[in-house]
Amino acid sequence: MFFSDADDRGHLPTRSGVIGSFGDITMSCFDYFFSDVAMDQRLGLFSAFGDLANTMIDPPIGMGGDEPAQNNDIAPLYSYIGQLLSHDLVAPRTDGDPLGDGHPALSLNTPDLIPLERDTVTAVIKNGRSGGLHLESIYGDALGTAQARALRDPDDPALMRLSTSRDGPNPLGDARNASSLLLSNLVSVLLAFHNAVASDLRDTYGDADERHAEARRRVCWTWQWLIINDYLPAICDPITLSWVYSARAPLYRAFYARHSGLGDVFPIPIEFAFAVTGLPHTMLRAAYDLNSEFGRPQVTDARDGVPLEDLLGLSDLAEDAPIAIDWARLIAPPAAYPDRAARRFDTGLAHTLGWLSAADGNLPTNLAARMLNAGYRLSMPTAQGALAALAQHDSLHETHPPLVPLSAGEIGSGETGYIVRRHGFVDRTPLWFYLLKEAEIRHGGEHLGALGSRLLAETLIGLLISDPDSFWHAPSDRAGAWTPERMPVGQTAVISFAGLFQAAGVISNDLPPGGSISSGVFTGV
């Protein structure tokens, strides 16, 4: 998860509240898409956010949680793709005690929580990532050269060690990826995919380091292409996504132009880092049909799946009884088996997410409170401010996708409506909450709405356009722009996440290679 108690060698505040030395880490910066628009400047909102966060937590299973009506048509894999993507791009860091008050800048659990000045936010909170989609969280770039090297196979340094469990003997490139069994297992799948690519190159590259570098380049290009052509179509509004693609992400390109002196790193919008990256958490199920022991043993039978608290390491699940993951159950379109679906995008979160570990006391145990408090602490624009600024930006362009704000009645509707109205959040709506409510109201939670899709697609497509080393700028040939068909793995083109899992040897070839989502592969029309 984005906000984790894990000590990952400096990616997040340590329990003393001090971040380790930056060393030779390549760091980007955070800034605001909308730096001059309204935020909620009221003081004393800590308890108000707590009230709202509590209304967002669903009851346990059997008491109204994980009901069939909450299911989406999206495979569960995509919620974990979103989490890994956020770890790949966002690793907030501060140096020492930048505020001089003995507390981390991202201490979010104090009753006297107040917003920071925006200039303070951008000055003291840096990003321990380059900002490119280079899978830095699995290759360990932020660990330093020696520790990143230790993630590779000692017998063949072109390959990666495989880490398959939260407490396994092999280290992870980012300890936050150990926050969930499914997330750490997804990392292992990508490492296995790297090894499949590197093995294909054995006859072409004699030097192990050169073979590793080329394999990583191909893995990253495939990852980037799949994010644009598989992940975004699964969760975004199609009209908005197509416009951002065809217009080449003008909002992010304008944002990037303000930071032209950064060199080989890319700025990350705060609205993306601390609001949009928290949207996939609403897709997490309270329990998963993972395998024949924990879930459906036969096609027509069913038993209780693995509870989310087991997957997050919050229970006493015996370490000598590891849970194997049958990824085929989590990748295929879930229409035939609704209990294998992700949850809808809405303002409700699985019960377990209200009771997370918070050992150092700097974070609330309620994930919704973490997201709401972070937006407030970092002076995030309100949803109304972001909408007004985006409308002004779009007025400078001949065309733009539709952007119809939610009404006060829509914002104040549903289970959260009373608290939203009581605390004055109808016209000063926290951005993260609004993006979930927009998806819930406008699209029944099937995918993100116009504003959420815009902020997500602008950032990701914009980053790839701005990065000269991304697949976007790969040399083209007569067949057109680069696609994974130009670099098959085992003579198979990896044009979907299902195909990546097949190439990694994790699932069989029974799933159609052309798509792990029901709508197929995005064409950028």
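The values are calculated or read from the model by the stated rules, or taken from the named source; none is laboratory data. Fair warning: this is a prediction, and the values are worked out from it, not measured in the lab. Every residue, glycine as well, gets a Cβ built from its backbone with ideal geometry; the counts of neighbours run over all protein chains shown. What goes into the accessible areas is simple: the full protein's heavy atoms, side chains included, and nothing from ligands, DNA or RNA. Shrake-Rupley method; radii C 1.70, N 1.55, O 1.52, S 1.80 Å.
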Whether any residue in region 233-248 is among the hydroxyl-bearing types (Ser, Thr, Tyr), out of contact with any Asp or Glu (no Cβ under 6 Å at 6 or more places or on another chain) and free of Cβ contacts under 8 Å to residues at least 60 places away in the same chain is what I want to check. no
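The rows are residues; the columns are (1) farther than 15 Å from Ala503 by Cα; (2) in contact (Cβ under 8 Å) with a residue 60 or more places away in the chain; (3) in contact with a Pro (Cβ under 9 Å, 6 or more places away or on another chain); (4) not aromatic (Phe, Trp, Tyr).
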| residue | (1), (2), (3), (4) |
| --- | --- |
| Leu181 | yes, yes, yes, yes |
| Asn185 | yes, yes, no, yes |
| Ser188 | no, no, no, yes |
| Asp200 | no, yes, yes, yes |
| Asp203 | yes, no, no, yes |
| Gly206 | yes, no, no, yes |
| Asp209 | yes, no, yes, yes |
| Ala213 | yes, no, no, yes |
| Arg218 | no, yes, yes, yes |
Checking the condition among the acidic types (Asp, Glu), at pLDDT 95 or above and assigned to a helix (DSSP H, G or I), which residue from Asp156, Asp209 passes? Asp209
Give just the number: which of (1) modelled with pLDDT under 95; (2) more than 19 Å from Asp200 (Cα to Cα); (3) surrounded by fewer than 19 Cβ atoms within 10 Å (Cβ to Cβ); (4) touching a helix residue (DSSP H, G or I) at 6+ places or on another chain (Cβ under 6 Å) does Asn509 not satisfy? (2)
Anything in region 14-38 that is within 17 Å of Ala123 (Cβ to Cβ) and either modelled with pLDDT under 50 or not in a loop (DSSP other than H, G, I, E, B) (or both)? List them, or say none. Ile19, Phe22, Ser28, Cys29, Phe30, Asp31
Just the residues that are open to solvent by less than 10 Å² (accessible area, probe 1.4 Å), acidic (Asp, Glu) and part of a helix (DSSP H, G or I), please, taken from region 456-488. Glu458
Have a look at Ile227, Ile239 and point out the one that is in a helix (DSSP H, G or I) and open to solvent by 60 Å² or more (accessible area, probe 1.4 Å). Ile239
Return the pairs, sorted by first residue and then second, in which the second residue is modelled with pLDDT of 80 or more, the first residue lies in region 312-339 and is charged (D, E, K, R), the beta carbons are less than 6 Å apart, and the residues are 6+ apart or on different chains. Asp326/Asn291; Arg329/Asp289; Arg329/Arg340; Asp339/Asp289
Hey, any hits in region 119-130 for a residue that's free of Cβ contacts under 8 Å to residues at least 60 places away in the same chain, among the hydroxyl-bearing types (Ser, Thr, Tyr) and surrounded by fewer than 17 Cβ atoms within 10 Å (Cβ to Cβ)? yes
Condition first: out of contact with any Asp or Glu (no Cβ under 7 Å at 6 or more places or on another chain) and part of a loop (DSSP other than H, G, I, E, B). Now tell me which residues in region 141-153 satisfy that. Ala150, Leu151, Asp153
Let me spell it out: the conditions are (1) in a loop (DSSP other than H, G, I, E, B); (2) open to solvent by less than 30 Å² (accessible area, probe 1.4 Å); (3) out of contact with any Lys or Arg (no Cβ under 8 Å at 6 or more places or on another chain), and Gly424 meets all of them except one. Which number is the exception? (3)
For region 283-300, check the following and say yes or no: at least one residue is modelled with pLDDT of 85 or more, closer than 24 Å to Pro430 by Cβ and outside any loop (DSSP other than H, G, I, E, B). yes
Could you list, in sequence order, the residues of region 351-400 that are open to solvent by less than 30 Å² (accessible area, probe 1.4 Å), at pLDDT 90 or above and not in a helix (DSSP H, G or I)? Leu356, Leu363, Pro364, Asn366, Leu378, Ser379, Met380, Pro381, Thr382
Matching residues in region 247-280 - criterion: being among the acidic types (Asp, Glu) and either touching a Ser or Thr at 6+ places or on another chain (Cβ under 8 Å) or farther than 10 Å from Leu455 by Cα (or both): Asp264
